[in-house]
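**Student:** Before I ask anything, let me first share the structure, which is written out below as structure tokens.
The values are calculated or read from the model by the stated rules, or taken from the named source; none is laboratory data. Note that the coordinates shown come from a computational prediction; the quantities given were computed from them, not determined experimentally. Note that each Cβ is placed from the backbone with ideal geometry, even for glycine, and that neighbours are counted across all protein chains shown. For accessibility, only protein heavy atoms count, side chains too; no ligands or nucleic acids. Shrake-Rupley method; radii C 1.70, N 1.55, O 1.52, S 1.80 Å.
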Amino acid sequence: MEAAMRSFWAEGYEAASIDRLCRAMNMPRASLYQLFGDKQGLFLSALGRYGETRVSRIIAALGPKGTLAEDLSAFFDEVIYLASSDRETPGCLISCVLAEAAGTNPVFTVELDRRFVAMEKQIEARLQLAPWPANAKIAPGAVAGMIASVARGMTLKARSGQTADELKPVAQAAVTAVTSLSAAP
């Protein structure tokens, strides 16, 4: 499954042919169809693997382990590492590859939305543990959506070749903006 996941991540859904996937997985075509039904089933399974092995580290970084600023910094550090540490698989399988495939596939559109909402709920849960002004004009849910959107944008920038050093100032700006909101009078 790791090989299939990496193939989709590196090549994109459409470009990852069944033949390439079978070679990468060292699996006969008949076995692939028997186990996963089709390429779509394999991709959905690869997304599950990605969630278990990659996204889980990003969510774990949210803590709570420290202050809101520390936990958000750890979250963005994990996003940057995931998106830029392997030159063969830049970006994010969900935010880059699934998002592209979702444009023409309603099953993938539902899957993308499900995964985006799940991430935003995890971020919102962490935000709600921080002191939040009662008179805040921006709800933690909206801020969670903003944080997730910044993270997604960073993965797209990594997919286009930006390095970790180029992404870090964006993360720092996001952390500063969010922590100033949570501390606002």
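**Student:** Collect the residues in segment 39-53 that are open to solvent by 30 Å² or more (accessible area, probe 1.4 Å) and either touching a His at 6+ places or on another chain (Cβ under 7 Å) or under 27 Å from L129 (Cβ atoms) (or both), keeping them in residue-number order.
**Tutor:** Result: E52, T53.
**Student:** Follow-up. Restricting attention to segment 126-151, which residues are among the aliphatic types (A, V, I, L, M) and part of a loop (DSSP other than H, G, I, E, B)? Even if it seems obvious, please write down each step before you answer.
**Tutor:** Within segment 126-151, the subset among the aliphatic types (A, V, I, L, M) is 127, 129-130, 134, 136, 138-139, 142-144, 146-148, 150-151.
Matches in segment 126-151: A130, A134, A136, I138, A139.
**Student:** State all residues of segment 91-112 that are under 12 Å from the mean Cα position of the chain (by Cα) and at negative phi; if no residue qualifies, say none.
**Tutor:** Correct list: C92, L93, I94, S95, C96, V97, L98, A99, L112.
**Student:** Now a separate question. Just to verify a result, which residue in segment 121-166, among those that are of a type in the set (D, E, K, R) and under 17 Å from D77 (Cα atoms), is most open to solvent (accessible area, probe 1.4 Å)? So that I can check it myself, show each step before the final result.
**Tutor:** First, pick out the residues of segment 121-166 that are of a type in the set (D, E, K, R): 121, 124, 126, 137, 152, 157, 159, 165-166.
Applying the additional criterion that residues be under 17 Å from D77 (Cα atoms) yields 126, 152, 157, 159, 165-166.
On the way: R126: 17, R152: 37, K157: 82, R159: 76, D165: 115, E166: 96 Å².
Per the stated criteria, the residue is D165.
**Student:** Scan segment 174-185 for residues that are open to solvent by less than 60 Å² (accessible area, probe 1.4 Å) and either out of contact with any helix residue (DSSP H, G or I) (no Cβ under 8 Å at 6 or more places or on another chain) or at pLDDT below 95 (or both) and jot them down. I'd like the intermediate steps shown before the answer.
**Tutor:** Keep residues of segment 174-185 that are open to solvent by less than 60 Å² (accessible area, probe 1.4 Å), which gives 174-175, 177-179, 181-182, 184.
A177, V178, T179, L181, S182, A184 - these are the residues of segment 174-185 that are open to solvent by less than 60 Å² (accessible area, probe 1.4 Å) and either out of contact with any helix residue (DSSP H, G or I) (no Cβ under 8 Å at 6 or more places or on another chain) or at pLDDT below 95 (or both).
**Student:** Answer yes or no as to whether V110 is more than 18 Å from W9 (Cα to Cα) and surrounded by fewer than 19 Cβ atoms within 10 Å (Cβ to Cβ).
**Tutor:** yes
**Student:** Determine, yes or no, whether P90 is over 16 Å from M146 (Cα atoms) and surrounded by fewer than 13 Cβ atoms within 10 Å (Cβ to Cβ).
**Tutor:** Answer is no for this residue.
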